[in-house]
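To keep things clear, I will list the structure first and then write my remarks on it.
The values are calculated or read from the model by the stated rules, or taken from the named source; none is laboratory data. Model, not experiment: these values are computed from the prediction. Virtual Cβ from ideal backbone geometry, glycine too; neighbours counted across all protein chains shown.
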Amino acid sequence: MKSAVVSVVLLVILVAWPVSADRKDLPGAGGYGGDDEEEDTKTWFPLDNQLSLSYYDKICPNFEKIVDTKVREWTKTDPSLGPALLRLLFHDCGVTGCDASVLLDHKGSERRSPASKTLRGFELIDDIKSEIEKSCPGLVSCADILTSASRSATYQLGGPYWPNAYGRRDSTNSYARDVEKVPSGRRDITGLLETFQSYGLNILDLVVLSGAHTIGKAYCGTIQSRLYNFNATHGTDPSIDPKYADFLRRKCRWASETVYLDAVTPVVFDNQYYINLQKNMGVLTTDAELVKDPRTAPLVKAFAEQPPQMFRHQFGVSMAKLVNVGVITGEDRTGEIRRVCSKSNSKRY
Ligand code: HEM
Ligand SMILES: *[C@@H]1O[C@H](CO)[C@@H](O)[C@H](O)[C@H]1NC(C)=O
């Protein structure tokens with residue numbers, strides 16, 4: 001309960017802060033929120049953080065422009081790639097840090113784990129990489145490309161444009177067994193909090209970043225147990241709004257079907273996700289848990305009731321923290337700048 005109280009106080013402070021929603025309002029440097037967590041990050045991830053907002057200014061000035069253009073092109077043809085990119089970034093940063101380990105495609109890699117089966121956006125990242133290699137060969141890491149592309153996609157859907165520092169290096173390793181570190185849809189809040197704490201993120205970050213589920217879809221296979229065989233007495237999870245549960249059951253006869261994570265405004269990056277949670281219309285078990293657990297419920301309520309800009313702003317602050325998790329920097333010799341995002345330069349598999 002204590003942390004919930006602290007978080008609510010934090011929220012009140014945040015409301016009073018100016019909201020920098022547009023690119024031109026971005027602070028030139030810094031801009032990382034929640035500095036109280038910095039110490040934790042350092043103990044968990046011993047590498048010094050050397051990322052810089054101006055990292056590519058001289059060596060590859062068109063980097064972000066190329067990323068933006070490519071993301072725009074691809075999402076125009078397939079709008080579902082926008083949410084896919086944001087999720088892909090979370091699954092990179094959530095497993096051994098933002099080091100592009102999720103992109104490596106070889107036997108036993110994260111990407112080949114069953115839990116990664118529904119991740120998408122790899123071809124788009126590969127395309128951006130090959131375009132960037134033309135003008136800036138060997139300079140831009142796949143880990144940086146993924147953070148930039150994901151931000152671009154989020155921004156294009158109405159999300160915030162968070163300050164994205166660069167200089168990450170790419171990992172040379174990726175192990176399928178590490179994927180269990182990234183939360184699946186069935187963890188309780190205590191488990192989620194532990195995971196986020198291991199990233200150096202706090203309870204506010206957990207609630208805010210879960211708001212990414214204001215866009216995108218889930219496979220019915222992911223939620224079928226909630227709909228058809230919940231427990232011995234209830235076929236359907238009784239905490240789902242009955243009408244919405246009917247809708248989901250009709251929609252989800254096949255595991256390969258998909259449903260929007262935000263049933264009301266599925267393709268807009270807004271605070272509707274929290275409003276839905278309060279109406280018992282969370283799709284994933286973990287979404288529903290956020291509104292049931294006394295530690296997170298007050299935060300859900302605050303984001304549901306405050307103007308959407310407050311969520312957008314705080315999402316940017318928490319994303320700027322997430323993209324710093326476990327980065328490999330120049331001082332660390334284990335990293336490299338991959339030539340192709342799906343393959344390490346130095347290893348043969
Ligand atoms: C808090 C723990 C989280 C859990 C348990 C979780 C779980 C999931 C699950 C199970 C899906 C559906 C996948 C499928 O059925 O194929 C999903 C989708 C998604 N997640 Fe999360 N997630 C979490 C946090 C996050 C975070 C932090 C982000 C990004 C900042 C994120 C972004 C997304 C997006 C955008 C989608 C939709 C993907 C698409 O449409 O292709 N999630 N998540
Ligand atoms: C099934 O779930 C409901 C709601 O969570 C609960 O009240 C009930 O006791 C559960 N039944 C069994 C047999 O576990």
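What the table shows:
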| quantity | calculated |
| --- | --- |
| Among (1) under 20 Å from the mean Cα position of the chain (by Cα); (2) not in a helix (DSSP H, G or I), the one test that Val71 misses | (2) |
| Residue within segment 161-178 that is near ligand 1 (Cβ under 10 Å from one of its atoms) and either of a type outside the set (A, V, I, L, M) or part of a loop (DSSP other than H, G, I, E, B) (or both) present | no |
| Condition check for Gln306: touching a residue at least 60 places away in the same chain (Cβ under 8 Å), more than 9 Å from ligand 1 (Cβ to nearest atom), among the polar types (S, T, N, Q) and surrounded by fewer than 20 Cβ atoms within 10 Å (Cβ to Cβ) | yes |
| Breaking point among (1) at pLDDT below 95; (2) outside any helix (DSSP H, G or I); (3) of a type in the set (Asp, Glu), for Asp99 | (1) |
| Enumeration of residues in segment 257-278 that are touching a Cys at 6+ places or on another chain (Cβ under 7 Å) and without any contact (Cβ under 8 Å) to a residue 40 or more places away in the chain | Glu257 |
| Boolean, Arg295 is away from ligand 2 (no atom under 16 Å from the Cβ) and over 22 Å from the mean Cα position of the chain (by Cα) | no |
| Residue count for segment 74-84, restricted to those that are without any contact (Cβ under 8 Å) to a residue 12 or more places away in the chain and part of a helix (DSSP H, G or I) | 2 |
| Residues satisfying the stated conditions in segment 48-73, i.e. free of Cβ contacts under 8 Å to residues at least 40 places away in the same chain and more than 24 Å from Arg333 (Cα to Cα) | Pro61, Lys65, Thr69, Glu73 |
| Condition check for Thr154: β-branched (Val, Ile, Thr), closer than 19 Å to Ile132 by Cβ, in contact with a helix residue (DSSP H, G or I) (Cβ under 7 Å, 6 or more places away or on another chain) and within 12 Å of ligand 1 (Cβ to nearest atom) | no |
| Residue in segment 73-82 that is farther than 19 Å from Leu322 by Cα, out of contact with any helix residue (DSSP H, G or I) (no Cβ under 9 Å at 6 or more places or on another chain), surrounded by 14 or more Cβ atoms within 10 Å (Cβ to Cβ) and of a type in the set (Ser, Thr, Tyr) present | yes |
| Candidate set from segment 187-222 (those that are free of Cβ contacts under 8 Å to residues at least 40 places away in the same chain and of a type outside the set (D, E, K, R)); member that is farthest from ligand 2 (Cβ to nearest atom) | Phe196 |
| Close pairs (6 angstrom Cβ cut-off, 6 or more residues apart or separate chains): in contact (Cβ under 8 Å) with a residue 24 or more places away in the chain in segment 223-235, surrounded by 14 or more Cβ atoms within 10 Å (Cβ to Cβ) and part of a helix (DSSP H, G or I) anywhere | Leu227/Leu248; Leu227/Arg249 |
| Checklist (1) part of a helix (DSSP H, G or I); (2) under 27 Å from Cys93 (Cβ atoms); (3) more than 16 Å from ligand 2 (Cβ to nearest atom) applied to Asp246, failing item | (2) |
| Any hit, segment 256-273, residues being within 16 Å of ligand 2 (Cβ to nearest atom) and surrounded by 15 or more Cβ atoms within 10 Å (Cβ to Cβ) | no |
| Any hit, segment 225-242, residues being outside any loop (DSSP other than H, G, I, E, B) and away from ligand 2 (no atom under 16 Å from the Cβ) | no |
| Single match in Ser52, Ser116, Ser80 (criterion: touching an Asp or Glu at 6+ places or on another chain (Cβ under 8 Å) and small (Gly, Ala, Ser)) | Ser116 |
| Among (1) within 16 Å of ligand 2 (Cβ to nearest atom); (2) touching a Phe, Trp or Tyr at 6+ places or on another chain (Cβ under 9 Å), the one test that Glu289 misses | (2) |
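Results for (1) crowded, with 20+ Cβ neighbours inside 10 Å; (2) aromatic (Phe, Trp, Tyr); (3) at pLDDT 95 or above; (4) in contact with a helix residue (DSSP H, G or I) (Cβ under 9 Å, 6 or more places away or on another chain), shown as yes or no for each residue.
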| position | (1), (2), (3), (4) |
| --- | --- |
| Leu201 | yes, no, yes, yes |
| Leu209 | yes, no, yes, yes |
| Ala212 | yes, no, yes, yes |
| Gly216 | yes, no, yes, yes |
| Tyr219 | no, yes, yes, no |
| Pro242 | no, no, yes, no |
| Ala245 | no, no, yes, yes |
| Arg250 | no, no, yes, no |
